[in-house]
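Below you'll find the structure, written out as C-alpha cells, and then a few comments.
The values are calculated or read from the model by the stated rules, or taken from the named source; none is laboratory data. Bear in mind the structure is a predicted one, so any value in this text is a computation, not a measurement. Positions of Cβ are backbone-derived with ideal geometry, glycine not excepted, and every protein chain shown enters the neighbour counts. For accessibility, only protein heavy atoms count, side chains too; no ligands or nucleic acids. Shrake-Rupley method; radii C 1.70, N 1.55, O 1.52, S 1.80 Å.
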Amino acid sequence: MGQHNLFVANWKMYFSYQQAQLWIQKNQVSLRKMTDNSHKTIILCPSFETIATAQSLLNHDGIRIGAQDCSAFLPGAYTGQVSAQSLAEIGCSYCIIGHSERLQYGAETASDTRSKLERLIEVSIIPILCIGETKEEYQKGYSLSSLEQQTTALLKDLKKQPAKLIIAYEPRWAIGSNTIPKEDELIAAQDILLSLSKKLLPEASISLIYGGSVDVNTTQTIKKMNLFNGFLIGRASLDFQSLQNIVL
Ligand code: PGA
C-alpha cells in the first residue's frame with residue numbers, strides 16, 4: 001500500500017485534563033515540526049474535555065483533532081452522551097467508532113456503531129471505524145469470515161456514503177498484547193477489508209490503518225511489509241519520543 005501517512009493517537013482515558021494539557025503545551029512545537037514538509041497527518045484523539053483546548057493549541061495543517069466516540073443518536077434526551085454535531089462544532093474532524101473497548105465496557109453493539117457512523121457522515125466528520133476479530137475467532141481460524149461479516153453489517157446500504165473513511169484493522173486479541181498478526185494474516189486482512197469496503201462504498205475514499213500493540217518495533221515491521229496507510233496508536237502515543245519514532 002506504500003505510503004504510511006496517517007497516525008491516529010488514541011489517548012484513551014490515560015491522561016487527566018491537566019496532564020493532557022501539559023503534554024500538548026510541552027510538545028506542540030515539535031509536533032508541528034513533525035508534520036511540516038511531509039504528507040503525514042497526526043490525528044490526536046484525547047478525551048472529550050480536552051478536545052477544544054487541543055484544537056486551539058494545535059492549529060496546524062498536519063495535525064487534526066479527533067474524538068474517541070460519539071453518540072449513536074441525534075440530539076435529544078440521552079444523558080451523558082456527546083452528539084456528533086457538537087464534536088463538529090468544537091473542531092473535531094475525525095472520530096473513532098467501534099473500538100473494542102467501547103464494545104467491551106460500553107456494551108456497544110454493531111448496530112450502535114453503524115448508527116454512529118451515520119451520525120458522523122451527517123456532520124462530515126471522518127469516521128475512523130475499528131474492525132477486528134476476537135481472540136476466539138482468531139484461534140478457531142475464523143478471522144477473515146469475521147472481518148467480512150462485520151464489514152458487511154457496518155457498511156452495507158448506508159443511507160449516505162462518506163466522502164472519506166478510515167478503517168482501522170484492530171485484531172482485538174492484539175490490543176495491549178505486545179503481539180501482532182503474521183505477515184500473511186495481515187495481507188489477507190488488508191485484502192478483504194479493502195476490497196469489500198470499496199465494493200460497498202464505491203463513492204468513498206477509503207484508507208486502511210493498523211492498530212493493536214503499535215510501537216516503534218511493530219510499525220517498522222509493518223512498514224517494511226509495505227502494508228496499510230498508517231497506524232492507530234494506543235499506549236505508545238503517550239510518550240512523545242515513541243510517537244515521533246513511529247511517525248518519522
Ligand atoms: P495499544 O492500543 O496500541 O495500546 O495496543 C491500540 C488501541 O486500542 O487502539
Does ARG102 satisfy the criteria of being under 16 Å from LEU158 (Cα atoms) and either touching a helix residue (DSSP H, G or I) at 6+ places or on another chain (Cβ under 7 Å) or at pLDDT below 95 (or both)? no
Complete set of residues in the range 181-220 that are polar (S, T, N, Q) and either within 14 Å of the ligand (Cβ to nearest atom) or modelled with pLDDT of 95 or more (or both): GLN190, SER195, SER197, SER205, SER207, SER213, ASN217, THR218, THR219
Kindly establish whether TYR142 is open to solvent by 40 Å² or more (accessible area, probe 1.4 Å) and of a type in the set (Ser, Thr, Tyr). yes
Qualifying residues in the range 226-241 (those that are in contact with a Gly (Cβ under 8 Å, 6 or more places away or on another chain) and open to solvent by 30 Å² or more (accessible area, probe 1.4 Å)) - the one farthest from the ligand (Cβ to nearest atom): ASN226
If you check ALA88 against the conditions, is it of a type in the set (Gly, Ala, Ser), more than 21 Å from LEU6 (Cα to Cα) and modelled with pLDDT of 95 or more? no
Looking only at the range 112-130, and only at residues there that are more than 16 Å from the ligand (Cβ to nearest atom) and free of Cβ contacts under 8 Å to residues at least 40 places away in the same chain, the one that is surrounded by the fewest Cβ atoms within 10 Å (Cβ to Cβ): SER124
Is it true that LEU165 is modelled with pLDDT of 95 or more and either within 15 Å of the ligand (Cβ to nearest atom) or in contact with a strand residue (DSSP E or B) (Cβ under 9 Å, 6 or more places away or on another chain) (or both)? yes
What pairs come out if I take residues in the range 176-191 that are on the phi > 0 side of the Ramachandran plot and pair them with residues that are surrounded by 11 or more Cβ atoms within 10 Å (Cβ to Cβ) whose C-beta lies under 6 Å away, six or more apart or interchain? ASN178/SER213
Can you find even one residue in the range 20-29 that is closer than 29 Å to LEU194 by Cα and basic (Lys, Arg)? no
Which residues, taken from the range 1-40, are crowded, with 16+ Cβ neighbours inside 10 Å and under 26 Å from GLU183 (Cβ atoms)? HIS4, ASN5, LEU6, PHE7, VAL8, ALA9, ASN10, LYS40
Only listed residue being closer than 20 Å to LEU144 by Cβ and among the hydroxyl-bearing types (Ser, Thr, Tyr), chosen from SER242, SER237, SER195, SER205: SER195
I'd like to check something: does the range 152-160 contain any residue that is touching a strand residue (DSSP E or B) at 6+ places or on another chain (Cβ under 9 Å) and either open to solvent by 30 Å² or more (accessible area, probe 1.4 Å) or away from the ligand (no atom under 16 Å from the Cβ) (or both)? yes
